[in-house]
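FYI, it's all coordinate maths here, none of it is from the lab. This is a predicted model, so every value here is computed, not measured. Virtual Cβ from ideal backbone geometry, glycine too; neighbours counted across all protein chains shown.
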Amino acid sequence: MGHEDAGHYAMKHNNKTTDPKIAAILEKEAVNSTITCKKLHAIAKNLGIKPKEVGIQADLMELRLKECSLGLFGYEPDGKNLNKDIEISESLSSEIQKMAPNGRTSCIQCWEVASKLNIEKKEVGSACDKMGIKIKQCQLGAF
C-alpha cells in the first residue's frame, strides 16, 4: 500500500480479526501509532509466530510501520535510509546476483545474505537498490 493508503492498512485484511494478546503487546510497544520493523520482528520471535502474523495485527490496528531493517521505508525526513555511495564487495554482489537472477528478491533472502556475510541488513538493501534489484515480499506484509 502506498502513502495514499496511509491510515487504511486494515483494508488489506477483510477477513481477519484482531488477536487480543498480540494487540495488547503492539499497543504497549507502539509510539504515536507507529512501530518499527525491528520491534515487530522481536514480538514475532518472542511469541513464536511468523512476522507476517504480527504485521497483519499491526495493520488491523492501523499502526504505521517505520524504520525498515533493509532501509527501504519509514525514515525521516526522506523515507529511505539507503547508502547511495555503498561500495559493493564482490561477495555481496555475487550473493545478490544468485538470489535475484530475475532482478527481484525477497526481504527474507536479503536477511539471509546479511547473516551469511555478517553484514548489516541495510547494507544488503543499499546494495540491492544500487544494483537495481527490487525487493518484494516483506516479511511483515508491508510490501
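Numerical summary
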read-out: Size of charge dipole - the chain - debye, nearest 20, with Cβ of Lys, Arg +1 and Asp, Glu -1, no other charges; value: 400
read-out: Square roots of five times the Cα gyration tensor eigenvalues for the range 5-45, Å; value: 18, 14, 10
read-out: Helix-derived mean residue ellipticity, 222 nm - over the chain, DSSP H n ≥ 4, -39500 (n - 2.57), to 500; value: -13000 deg cm²/dmol
read-out: Sites matching GluC sites (Glu not before Pro) across the range 1-92 that sit in DSSP coil, with at most 11 neighbouring C-beta atoms within 10 Å; value: Glu87
read-out: Compactness of the chain - radius of gyration and Dmax, Cα, Å; value: 15.6, 47
read-out: Flagged links, alpha-carbon separation over 30 Å, of Lys16/Lys116; Lys45/Lys66; Lys12/Lys116; Lys38/Lys84; value: Lys16/Lys116; Lys12/Lys116
read-out: Descending Cα extents along the principal axes, the range 34-118, whole Å; value: 42, 32, 24
